[in-house]
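Asker: Below you'll find the structure I mean.
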Amino acid sequence: MNNVDNFNLKSNQENDEQNDEASLSAENAEGIKNIGSVLTGKEDTLIHCLTIIGQIEGHYILPSQNKTTKYEHIIPLLVSVEEDPNVKGLLILLNTVGGDVEAGLAIAEVIAGMKKPTVSIVLGGGHSIGIPLAVSAKKSFIAKSATMTAHPVRTNGLTVGVPQSFEYFQRMQERINTFVSDNSNISKEKYNSLVLNTGELVTDIGTILDSEKAVKCGLIDSVGTLSEAIASLYDMINNQK
């Protein structure tokens, strides 16, 4: 192979790399714009960063002024992350007030069922159904200034006041309690006592947990920063190789 061929080969390789980088940048820009997700990483270790923010939107469309996370967008994305051999791990950034219980549980179940390394970090707040989402990852962090609110399942609007309605809410709460206890270090009984606490919230039943309390009770694994969460994810990826 002469010098001209070597030069052409090198130029083609550089062009391919530039095209790949441009394609990845365009994909990231589109992902951030649409659902707040981005591919990032170093060398051959790509991680997918997913944000779950605002209110979890379920079967009903919320008003346009609400910040929402749509489960019909997130679930297919999680499937693609699990099936993509180039993506080695998932980082979940949480700042949510809660929302639709079944939609939140559906997302949490998908995350909990992933084989790839997953790390979550609560930034700002991880309230209500945000708690199962936070604990669904294999390793969970909470920022020092963040809080989490555990409270019973509730509904807005007209409710038929019959025993069956009360039983339905009880069974739904049991599903949440079971999922949280199965995916964290808190017992079902302890978590239920936090949910049914009557002495902390003025107009509601439940418990507000700051970062240290969330870790102390076994709900979250560690108080930490974004860099610590990312470092933990890379450690999990390296251990899996």
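The values are calculated or read from the model by the stated rules, or taken from the named source; none is laboratory data. What you are looking at is a predicted structure, and each value in this text was computed from that prediction instead of being measured. Glycine gets a Cβ as well: all are built from the backbone with ideal geometry, and neighbour counts include every protein chain shown. Note: accessible area is taken over every heavy atom of the protein model, side chains too, but ligands, DNA and RNA are not part of it. Shrake-Rupley method; radii C 1.70, N 1.55, O 1.52, S 1.80 Å.
Asker: For residue 164, state whether it is open to solvent by less than 70 Å² (accessible area, probe 1.4 Å) and either out of contact with any Cys (no Cβ under 6 Å at 6 or more places or on another chain) or not in a helix (DSSP H, G or I) (or both).
Answerer: No.
Asker: How many residues does the range 99-155 hold that are of a type in the set (A, V, I, L, M, F, W, C), open to solvent by less than 10 Å² (accessible area, probe 1.4 Å), assigned to a helix (DSSP H, G or I) and within 15 Å of residue 184 (Cβ to Cβ)?
Answerer: 6
Asker: Do we have any residue at all in the range 188-200 that's among the β-branched types (Val, Ile, Thr), part of a helix (DSSP H, G or I) and open to solvent by 20 Å² or more (accessible area, probe 1.4 Å)?
Answerer: No, every residue in the range 188-200 fails to be among the β-branched types (Val, Ile, Thr), part of a helix (DSSP H, G or I) and open to solvent by 20 Å² or more (accessible area, probe 1.4 Å).
Asker: So in the range 203-241, with the set limited to residues that are among the polar types (S, T, N, Q) and exposed (fewer than 13 other Cβ atoms within 10 Å of the Cβ), which one is farthest from residue 88 (Cα to Cα)?
Answerer: 203
Asker: Sticking with this one: Among the residues of the range 190-241, write down those that are under 16 Å from residue 132 (Cα atoms) and of a type in the set (D, E, K, R).
Answerer: Answer for the range 190-241, where residues must be under 16 Å from residue 132 (Cα atoms) and of a type in the set (D, E, K, R): 190, 221.
Asker: Please specify each residue of the range 53-85 satisfying the condition of being free of Cβ contacts under 8 Å to residues at least 40 places away in the same chain, part of a loop (DSSP other than H, G, I, E, B) and open to solvent by less than 80 Å² (accessible area, probe 1.4 Å).
Answerer: 62, 63, 66, 84
Asker: Note down all Cβ pairs under 6 Å where the first residue falls in the range 108-132 and is over 17 Å from residue 98 (Cβ atoms), the second is open to solvent by 40 Å² or more (accessible area, probe 1.4 Å) and assigned to a strand (DSSP E or B), and they're at least six residues apart or on different chains.
Answerer: Going by the 6 Å Cβ cut-off, the qualifying pairs are 119/139.
Asker: Does any residue of the range 25-41 turn out to be hydrophobic (A, V, I, L, M, F, W, C), modelled with pLDDT under 70, farther than 30 Å from residue 104 by Cβ and surrounded by 10 or more Cβ atoms within 10 Å (Cβ to Cβ)?
Answerer: Yes, the range 25-41 contains a residue that is hydrophobic (A, V, I, L, M, F, W, C), modelled with pLDDT under 70, farther than 30 Å from residue 104 by Cβ and surrounded by 10 or more Cβ atoms within 10 Å (Cβ to Cβ).
Asker: From the list 214, 108, which residue is touching a Gly at 6+ places or on another chain (Cβ under 9 Å), at pLDDT 95 or above and within 24 Å of residue 53 (Cβ to Cβ)?
Answerer: 214
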